[in-house]
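For reference, the structure discussed in these notes is given below.
The values are calculated or read from the model by the stated rules, or taken from the named source; none is laboratory data. From a predicted model like this one, the values you see are computed outputs, not experimental measurements. In this analysis, Cβ positions are derived from the backbone assuming ideal geometry, glycine residues included, and neighbour counts consider all displayed protein chains. Areas reflect the complete protein model, heavy atoms only, side chains present, ligands, DNA and RNA absent. Shrake-Rupley method; radii C 1.70, N 1.55, O 1.52, S 1.80 Å.
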Amino acid sequence: MLSRQSLSSLTSCLNKYSICSLSLTPTHITDALRSSVCRYGTEAQPKTPSKSSQYKLVVVGGGSGGCAVAAKFASLGKNCAVVEPSDLHYYQPIWTLVGAGLKGFQSSVQPMREVLPESIDWIKDKATVFNPKENYIQLNSGERVHYEYLVVAMGIQLDYDKVSGLIEALENDSTVVSNYHPKWVNKTFPALQEFTGGNAIFTFPNTPIKCAGAPQKIMYLADEYFRTLGVRNKTEIIYNTSLGVIFGVKKYADALQNVVQARDIKVNYKHNLVQVDHKAKVATFEKLDDNKQVNFQYSFLHATPPMSSPDVLKKSPLVNEAGWVDVHKHTLQHNKYPNVFGLGDCTSLPTSKTAAAVAAQSGILHKNLSAVMAGAPTVPLYDGYTSCPLITSSKSCILAEFDYDGKPLETFPFNQGKERKITYDMKAHMMPTLYWRVMLRGRWNGPSTVRKMMHLGLNRQSKLT
Ligand SMILES: Cc1cc2nc3c(=O)[nH]c(=O)nc-3n(C[C@H](O)[C@H](O)[C@H](O)COP(=O)(O)OP(=O)(O)OC[C@H]3O[C@@H](n4cnc5c(N)ncnc54)[C@H](O)[C@@H]3O)c2cc1C
C-alpha cells in the first residue's frame, strides 16, 4: 500500500508543478493508483551518499529502463545504486490517451520510491559528470559515486526551446498543446473540447524522437473526437512531418496511408516546425527540400518537440558523434568501456525509441552484464525489437512490431497491420498493468517467448549481423 508519506509527497508534487489542472487531494491519488500500483512491500528511501561512495553497480536514470534493470539486479542489495533526481516515475506511453481524454493523468504517475526496489540505494540527485576512465560519476551535489559497473538509462531530452516561440505559446495559448511533457499533456483534451473548427495541425520534428508514432496517434484520436463534436466538416487536419514517409516500416506506412486517405487528413512531408507566433496564431515551417519557410494559420496545434541526447551525456566521453551513448547494437555493452552498458532512449541503438524496445533490451542487458560480472563473454542477442501501437481511434490500433532491418516481427498470428479493436484494448488496458506490475519489477523482457508460442516456433528469426 502507499504510505501516507509518499501519498502526501505525490499529491504536493502534482499540485506544486501544476502537473494536473485540478487541485488534487490524497483521496484522488489513492483512487487513481489503487488499480495499478507496483508493490514491493516496503519502499525505497532516497539516500545521501557519503563524500565518496563505492558500488558494484550504478544505474543512472530511474525511468523505464533504469527501473527494470535495477529490479533485475535487486539481489545485489546495497551494492547497487540508482541515481535519479525525480520524485515521480511516469508511464509516458499512456499520455497519448491522457491527451485524448481516454485516461486520467494520474494513471501515468507513481512515486519513485514505490517503483524502485527497496533493497538497493536510491541516490536522489543528477549525474553531472561521467569519468569512465576512473570509474566514477559526479553528482550535482559535487559528491562522487564510484562503480565497478555502470548502466546508463537517462532517456532523451526534450528541446522545446529549439522552436522559436513554442514555450511561450505552450504557456499562454490554450490551443497550443504537447502530449510529450507532463506539464502540458493535460492541456490537450480541454483544447480538443473547445475546438470549433479551422486548421488542426500536428507536427513531427527534424530529430530522432521517442515513440515515433505518438505525433500521429493523437491526430487520429482528435479526428474521431472532432467528428463526435460535429465540427469535422469545418476542420482541416494537417500532419506536417519532417520525415519523407508517414512511418519508417513499409507495411505499417501503407496501412497508415489508407487511414489518412479515408479520414481526409492532409499530410505535408519534409515540413519542420521552426516558429510559433501565438498572438497571430501562425506556425512557421521550414520546407526541408528547398529551405523555404511557409506559414500556417492554426486553431489547434499539437507540437512534438525536437529531441536530443541529454546535455550531460553530450559532453561526456561515453557518446558517439551524434551524442548518443555508444553501445554495441547486439550486446548493449559500451564500445569503448567494457564495464559500461546502456539501454533506452539515450543510446546509439539504431531502433525506434520506445518502452517496448527498452523491455527487450533490459533482458539482454541483464544477461550480458551478468556474464561480464562473472568473467564470461557477452553474447549478441538484441535484434532491435521495438513496437509502436499506432492507435487510430478509441476502438482501433495497428500494432507495429519490427526489428533493426525494419522487418515486421509480429507477436500474434494475425495481420497486425490491420486496424483492430483487440490491439487497442491491449494498448489501453493490458499494457499499463504489464508495465507497472511486471516490467518495472524486472520480469518482462518483451514478447519473444509469446511470439514463439503463438507461431508454434515457426516465426521469422532476425539476423544478427
Ligand atoms: C507521448 C508519448 C507516447 C509514447 N508512447 C509509447 C508507446 O505507445 N509505446 C512505447 O513502447 N513507448 C512509448 N513512448 C516512449 C517511452 O515512454 C520511452 O521510450 C521510454 O520511457 C524510454 O525509457 P528510458 O528509460 O530510456 O527513458 P525514461 O523512461 O524517459 O527515463 C529516463 C530517466 O532518466 C532520468 N535522468 C535524466 N537525466 C538524468 C541525470 N542527469 N541523472 C540521473 N537521472 C537522470 C530522468 O529523470 C528519467 O527518470 C511514448 C513516450 C511519450 C512521451
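Observations on the structure shown:
- Within the range 410-465, the only residue that satisfies the criterion of being of a type in the set (Val, Ile, Thr), touching a residue at least 24 places away in the same chain (Cβ under 8 Å) and part of a loop (DSSP other than H, G, I, E, B) is 411.
- Any hit, the range 120-136, residues being within 26 Å of the chain's Cα centre (by Cα), more than 14 Å from the ligand (Cβ to nearest atom) and not in a strand (DSSP E or B): yes
- Residue in the range 308-332 that is nearest to the ligand (Cβ to nearest atom), counting only those that are polar (S, T, N, Q) and crowded, with 22+ Cβ neighbours inside 10 Å: 309
- The numbered conditions (1) open to solvent by 10 Å² or more (accessible area, probe 1.4 Å); (2) touching a strand residue (DSSP E or B) at 6+ places or on another chain (Cβ under 8 Å); (3) in a loop (DSSP other than H, G, I, E, B) are all true for residue 356 except (3).
Here's the yes/no breakdown for (1) at pLDDT 95 or above; (2) among the small types (Gly, Ala, Ser); (3) out of contact with any Leu (no Cβ under 6 Å at 6 or more places or on another chain); (4) outside the structural domain of residue 395 (by TED's automatic domain parsing):
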{"residue": "193", "(1), (2), (3), (4)": "yes, no, yes, yes"}
{"residue": "218", "(1), (2), (3), (4)": "yes, no, yes, yes"}
{"residue": "225", "(1), (2), (3), (4)": "yes, no, no, yes"}
{"residue": "244", "(1), (2), (3), (4)": "yes, yes, yes, yes"}
{"residue": "254", "(1), (2), (3), (4)": "yes, no, yes, yes"}
{"residue": "259", "(1), (2), (3), (4)": "yes, no, yes, yes"}
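- Candidates 74, 44 - the one that is modelled with pLDDT of 95 or more and either more than 10 Å from the ligand (Cβ to nearest atom) or on the phi > 0 side of the Ramachandran plot (or both): 74
- Screening residue 269 on (1) among the aromatic types (Phe, Trp, Tyr); (2) under 30 Å from residue 446 (Cα atoms); (3) open to solvent by 20 Å² or more (accessible area, probe 1.4 Å) shows it passes everything except condition (2).
- Of the criteria (1) open to solvent by less than 30 Å² (accessible area, probe 1.4 Å); (2) farther than 21 Å from residue 446 by Cβ, which one residue 66 fails: (2)
Matching residues to (1) modelled with pLDDT of 95 or more; (2) over 22 Å from residue 180 (Cα atoms); (3) β-branched (Val, Ile, Thr):
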| site | (1), (2), (3) |
| --- | --- |
| 338 | yes, yes, no |
| 341 | yes, yes, no |
| 349 | yes, no, no |
| 353 | yes, no, no |
| 356 | yes, no, no |
| 372 | yes, yes, yes |
| 382 | yes, yes, no |
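- Boolean, residue 246 is open to solvent by less than 30 Å² (accessible area, probe 1.4 Å), of a type in the set (A, V, I, L, M), more than 15 Å from the ligand (Cβ to nearest atom) and assigned to a strand (DSSP E or B): no
- Answer from 102, 97, 76 - the residue that is within 16 Å of the chain's Cα centre (by Cα) and either crowded, with 17+ Cβ neighbours inside 10 Å or outside any helix (DSSP H, G or I) (or both): 97
- Flag for residue 116 being assigned by TED's automatic domain parsing to the domain that holds residue 59, more than 11 Å from the ligand (Cβ to nearest atom) and either touching a residue at least 24 places away in the same chain (Cβ under 8 Å) or touching a Cys at 6+ places or on another chain (Cβ under 6 Å) (or both): no
- Residue within the range 274-286 that is over 21 Å from the mean Cα position of the chain (by Cα), charged (D, E, K, R) and assigned to a loop (DSSP other than H, G, I, E, B) present: yes
- Considering (1) free of Cβ contacts under 8 Å to residues at least 60 places away in the same chain; (2) away from the ligand (no atom under 16 Å from the Cβ); (3) farther than 30 Å from residue 137 by Cβ, the lone condition that residue 368 does not fulfil carries the number (3).
- Residue in the range 161-178 that is closer than 30 Å to residue 47 by Cβ, in contact (Cβ under 8 Å) with a residue 24 or more places away in the chain and crowded, with 17+ Cβ neighbours inside 10 Å present: no
- Total residues in the range 142-154, condition within 16 Å of the ligand (Cβ to nearest atom) and touching a helix residue (DSSP H, G or I) at 6+ places or on another chain (Cβ under 8 Å): 4
- When 377, 350, 338, 305 are screened for being under 27 Å from residue 203 (Cβ atoms), assigned to a loop (DSSP other than H, G, I, E, B) and open to solvent by 10 Å² or more (accessible area, probe 1.4 Å), only 350 passes.
- Every residue from the range 184-215 that is out of contact with any helix residue (DSSP H, G or I) (no Cβ under 7 Å at 6 or more places or on another chain), closer than 23 Å to residue 261 by Cβ and within 16 Å of the ligand (Cβ to nearest atom): 212, 213, 215
- Summed over the range 193-226, the residues that are among the polar types (S, T, N, Q), assigned to a loop (DSSP other than H, G, I, E, B) and more than 22 Å from residue 351 (Cα to Cα) give a count of 1.
- Enumeration of residues in the range 79-94 that are within 6 Å of the ligand (Cβ to nearest atom), open to solvent by 10 Å² or more (accessible area, probe 1.4 Å) and outside any helix (DSSP H, G or I): 84, 85, 86
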